[in-house]
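This report concerns only the one structure given below.
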Amino acid sequence: MRILVIHGPNLNVLGSRETSVYGSRTLAEIDGLLQKRAGKYGVELEIFQSNSEGAIVDFIQAKSPTASGIIINPGALTHYGLSLRDALADASLPVIEVHLSNIYAREDFRRQSVIAPIARGQISGLGWQGYAAALDIMAAPEA
Ligand code: DQA
């Protein structure tokens with residue numbers, strides 16, 4: 001089983017970016033923890049980060065035919081990324097949307113997700129462990 005893990009804009013600077021909101025782990029640390037966890041499940045992860053919506057759409061189009069699911073933190077694209085939403089919908093794979101912060105406890109503009117309606121579910125506010133929970137759910141045989 002291969003799962004795509006996608007990080008959107010500005011997540012490359014985790015570790016120094018608003019640490020009181022997003023935590024102090026770097027993206028490389030989070031990816032390493034996820035790879036380790038995936039290894040326990042015998043699941044292959046393909047991890048991608050971009051600050052560009054088009055590059056993420058290209059990645060989804062190229063990789064979804066051979067994948068079983070998508071875990072994505074779309075960053076700010078969550079709130080307006082309609083071409084990202086269309087690409088995810090067209091992939092016809094289970095999608096779990098992850099946010100490090102609780103998007104419902106912040107500014108008003110963060111409360112709307114254009115991704116959520118086409119996602120299987122959303123995990124918001126649990127820090128990096130939200131990715132781990134998404135992986136557990138996707139990798140579990142019941143999923
Ligand atoms: C985020 C929340 C978004 O509103 C924000 O633009 C991000 C990160 C999160 O993980 O909490 O870049 O997706």
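Some notes on this structure:
Matching residues to (1) within 16 Å of the ligand (Cβ to nearest atom); (2) among the aromatic types (Phe, Trp, Tyr); (3) at pLDDT below 95; (4) within 15 Å of the chain's Cα centre (by Cα):
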site: Arg37; (1), (2), (3), (4): no, no, no, no
site: Ala62; (1), (2), (3), (4): no, no, no, no
site: Leu77; (1), (2), (3), (4): yes, no, no, yes
site: Asp86; (1), (2), (3), (4): no, no, no, no
site: Ala89; (1), (2), (3), (4): no, no, no, yes
site: Arg111; (1), (2), (3), (4): yes, no, no, no
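- Some residue of the range 18-25 being within 18 Å of Ile118 (Cβ to Cβ) and hydrophobic (A, V, I, L, M, F, W, C): no
- Ile47 being crowded, with 16+ Cβ neighbours inside 10 Å and within 17 Å of Tyr22 (Cα to Cα): no
- Conditions (1) among the polar types (S, T, N, Q); (2) more than 11 Å from Val5 (Cβ to Cβ); (3) surrounded by fewer than 22 Cβ atoms within 10 Å (Cβ to Cβ): number failed by Thr78: (3)
- Residue match in the range 105-123 (condition: among the charged types (D, E, K, R), under 25 Å from Met1 (Cβ atoms) and part of a loop (DSSP other than H, G, I, E, B)): yes
- For beta carbons closer than 8 Å, sequence separation of 6+ or different chains, a first residue in the range 80-96 that is farther than 15 Å from Met138 by Cα and a second that is aliphatic (A, V, I, L, M) and in a strand (DSSP E or B), the qualifying pairs are Leu88/Ile70; Leu88/Ile72; Leu88/Val95; Ala91/Ile70.
- When residues of the range 91-106 are limited to those that are more than 10 Å from the ligand (Cβ to nearest atom) and within 19 Å of Ala134 (Cβ to Cβ), the one nearest to the chain's Cα centre (by Cα): Ile96
- Residue within the range 24-33 that is among the β-branched types (Val, Ile, Thr), over 18 Å from Ile96 (Cα atoms) and surrounded by 14 or more Cβ atoms within 10 Å (Cβ to Cβ) present: yes
- Options Ala87, Ala132: the member that is surrounded by 14 or more Cβ atoms within 10 Å (Cβ to Cβ), in contact with a Lys or Arg (Cβ under 9 Å, 6 or more places away or on another chain) and over 15 Å from Leu11 (Cα atoms): Ala132
The values are calculated or read from the model by the stated rules, or taken from the named source; none is laboratory data. It should be emphasised that the depicted structure is a prediction, and the values quoted were computed from it without experimental measurement. Cβ: placed from backbone, ideal geometry, glycine included. Neighbour counts: every protein chain shown.
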